[in-house]
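Asks: Input: one structure, supplied below.
The values are calculated or read from the model by the stated rules, or taken from the named source; none is laboratory data. Being a predicted model, the structure only gives us computed values, none of them experimental. When we count neighbours, we look across all protein chains shown, and the Cβ atoms used for this are built from the backbone with ideal geometry, even at glycine. Please note that ligands, DNA and RNA were not included when accessible areas were found on the heavy atoms of the full protein model with its side chains. Shrake-Rupley method; radii C 1.70, N 1.55, O 1.52, S 1.80 Å.
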Amino acid sequence: MQRIFSGIQPSGIPQLGNYLGAIRNWVSLQADHECVFCLVDMHAITVWQDPEKLRSQTLTQTAILLAAGIDTDKHILFNQSAVSAHARLAWIFNCVTRLGWLNRMTQFKDKAGKDRENHSAGLYVYPSLMAADILAYKATRVPVGEDQKQHLELTNDIAQKFNHDYGVEFFPEVEALIPPAAARVMSLRDGTKKMSKSDPSAQSRIELTDDADTIALKLRRAKTDADVLPAEPAGLADRPEAKNLVTIYAALADLSVEEVLARHQGEGFGPFKKALTDVVVNAIAPIAQETTRLMQDETHLANVLRSGAQRAQAIAEPIVSEAEKIVGFLK
Ligand code: TYM
């Protein structure tokens with residue numbers, strides 16, 4: 001059985017993009033993989049996080065992932081900082097990674113913008129910690145949204161260079177599992193920007209804890225154009241907001257974009273947004289309700305993470321110890 005590793009930053013409430021790009025896939029991959037899922041709190045602090053909020057968001061995300069269907073009886077869910085193997089392997093990878101490789105990372109460029117000098121060194125080496133997350137488990141498959149593709153290519157470059165430099169066949173090649181549809185869900189306020197849990201405007205995203213009224217309001221206010229829905233996908237070109245809403249509908253209703261357009265062609269966005277609200281509420285409301293129930297027992301949530309960390313540690317420790325031996329650390 002192949003091993004899966006994937007992570008999410010506890011830097012806010014997971015949004016619809018996290019769900020369609022990653023979490024929904026995580027849930028279904030559990031059927032035939034050994035899965036390790038991680039709340040990457042060390043990645044989260046690469047930009048400022050309020051400590052109390054980070055702690056509470058880590059528990060909330062645990063509840064959300066359980067509510068969405070992560071099965072911690074069979075699979076592992078834990079927070080990154082609880083397993084020191086990640087930091088140790090990340091340091092080795094910082095010494096393997098070339099500056100030129102990091103300079104090419106588009107996510108760093110997007111996040112740092114023009115004010116590069118004022119960002120943390122952690123944000124810059126973010127991708128080598130990510131490679132360490134995956135390779136500390138020798139995981140071979142990584143379900144992520146499209147924005148992580150470049151980081152996974154870098155993971156393979158790092159693994160290859162490590163193997164080459166030390167003359168070993170130690171780290172495996174990693175395969176990105178990117179969903180065929182909705183791998184990049186866009187902001188509700190600007191169809192050219194990615195939907196993000198850290199966007200200052202909560203109106204830009206559907207959060208997995210939103211209730212039906214909030215979802216309806218956010219979709220009513222979502223930016224659109226004045227045109228009607230076209231008959232063919234080609235009619236959505238150059239209409240990023242319209243394309244995004246149709247894509248969300250299709251992904252959540254398990255339909256193709258063609259099928260959605262066949263049903264709704266000629267409609268304006270008033271009626272289409274009402275239909276979309278039903279589809280989104282159907283998918284999200286059960287998760288939100290179950291999250292509220294689970295949040296009543298924080299001790300249970302903390303125990304889930306603690307037990308997950310122990311099981312994660314048992315896998316990662318021997319692998320990272322071996323990597324340390326390979327580079328020549330005296331044991
Ligand atoms: P994060 O928290 O930013 O995102 C978690 C997952 O959600 C996906 N995602 C999206 N998918 C589609 N549309 C969107 N608008 C959207 N926004 C986010 C991301 O692609 C991701 O799969 N760097 C990772 C966390 C991480 C990780 C890892 C992932 C750390 N170590 C090791 C895999 C393996 C991230 O972006 O988290």
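Asks: Once amide H atoms are built 1.01 Å from N in the peptide plane, which residues 5 or more positions from Lys194, or in another chain, come under 5 Å H to H?
Replies: The list, which skips near neighbours in sequence, is Ser187.
Asks: Let me ask something else. For the stretch 1-129, what is the accessible area per residue in Å², given a 1.4 Å probe and the full set of protein chains?
Replies: I get 43 Å² per residue for this part.
Asks: Can you list the residues, at least 5 places off or on another chain, whose amide H is less than 5 Å from the amide H of Glu175, using H built in the peptide plane?
Replies: When sequence neighbours closer than 5 places are left aside, the close amide H contacts are Arg141, Val142.
Asks: Measure nothing fancy, just the Cα-based angle from helix 298-327's long axis to the longest principal axis of the chain, in degrees from 0 to 90, nearest 10.
Replies: Long axis of 298-327 versus the principal axis of the chain: about 50 degrees.
Asks: Rounding to the nearest 20 debye, state how big the charge dipole of the stretch 202-293 is about its Cα centre with +1 on each Lys and Arg Cβ and -1 on each Asp and Glu Cβ.
Replies: Dipole size: approximately 280 debye.
Asks: Given a 1.4 angstrom probe, I'd like the percentage of the accessible area of the stretch 202-293 that is carbon and sulfur, rounded to a whole number.
Replies: So the carbon and sulfur contribution to the accessible surface is 50 percent.
Asks: Shifting gears a bit: With springs only between Cα atoms under 10 Å, which of Ala234, Ala183, Ala251 fluctuates most in a Gaussian network model of the chain?
Replies: Comparing Ala234, Ala183, Ala251 in a Gaussian network model of the chain, the most mobile one is Ala234.
Asks: Quick one: longest stretch of the chain between exposed loop GluC sites (Glu not before Pro), exposed meaning at most 16 other C-beta atoms within 10 Å and loop per DSSP? Don't skip to the answer; put the middle values down first.
Replies: Values: sites that count: Glu169, Glu173, Glu267.
Between the exposed loop sites, the longest stretch runs 1-168.
Asks: Mind pulling the angle between the C-alpha long axis of helix 212-221 and the longest principal axis of the chain? Nearest 10 degrees, somewhere in 0 to 90.
Replies: Once rounded, one gets 70 degrees.
Asks: So how strong a dipole does the chain carry about its Cα centre when Lys and Arg Cβ are +1 and Asp and Glu Cβ are -1, to the nearest 20 debye?
Replies: I would put it at about 600 debye.
Asks: How big is Rg to Rh over the chain, alpha-carbon atoms, Rh as the Kirkwood inverse-mean-distance radius?
Replies: 0.99
Asks: For the chain, what is the calculated [θ] at 222 nm in deg cm²/dmol (nearest 500), taking -39500 (n - 2.57) for each run of four or more DSSP H residues and dividing by its residue count?
Replies: The helix-only estimate for the chain comes to -16000 deg cm²/dmol at 222 nm.
Asks: Once the Cα atoms of helix 149-166 and of the chain are each reduced to a long axis, what angle between those two axes, in degrees from 0 to 90 to the nearest 10, is obtained?
Replies: It works out to around 10 degrees.
Asks: Under a GNM of the chain (C-alpha, springs under 10 Å), which listed residue has the highest mean-square fluctuation: Lys218, Lys274, Lys197?
Replies: Looking only at Lys218, Lys274, Lys197, the biggest GNM fluctuation is shown by Lys274.
Asks: Still on this structure, I have one more. Starting from the amide H of Gly7, placed 1.01 Å from N in the peptide plane, find each other amide H under 5 Å away whose residue is 5 or more places distant or on another chain.
Replies: The answer is Cys38.
Asks: Mind checking the stretch 256-331 for chymotrypsin sites (Phe, Trp or Tyr not before Pro) that DSSP puts in a loop (not H, G, I, E or B) and that have at most 14 other Cβ atoms within 10 Å?
Replies: Qualifying residues, ordered by number: Phe329.
Asks: For Asn282, put the label point 7 Å out on the Cα→Cβ axis and report which residues of the stretch 223-245 keep their amide N under 20 Å from it.
Replies: 244-245
Asks: Now for a separate question. Please give the per residue accessible area of the stretch 202-293, computed with a probe of 1.4 Å over protein heavy atoms only, in Å².
Replies: 48
Asks: From Cα pairs below 8 angstrom and at least 6 apart in sequence, can you work out the relative contact order of the stretch 202-293, rounded to a whole percent?
Replies: 41
Asks: Additional query: Among Ile287, Ser204, Ala234, whose Cα sits farthest toward the positive end of the charge dipole of the stretch 202-293 (+1 at Cβ of Lys/Arg, -1 at Cβ of Asp/Glu, about the Cα centre)?
Replies: Value: Ser204.
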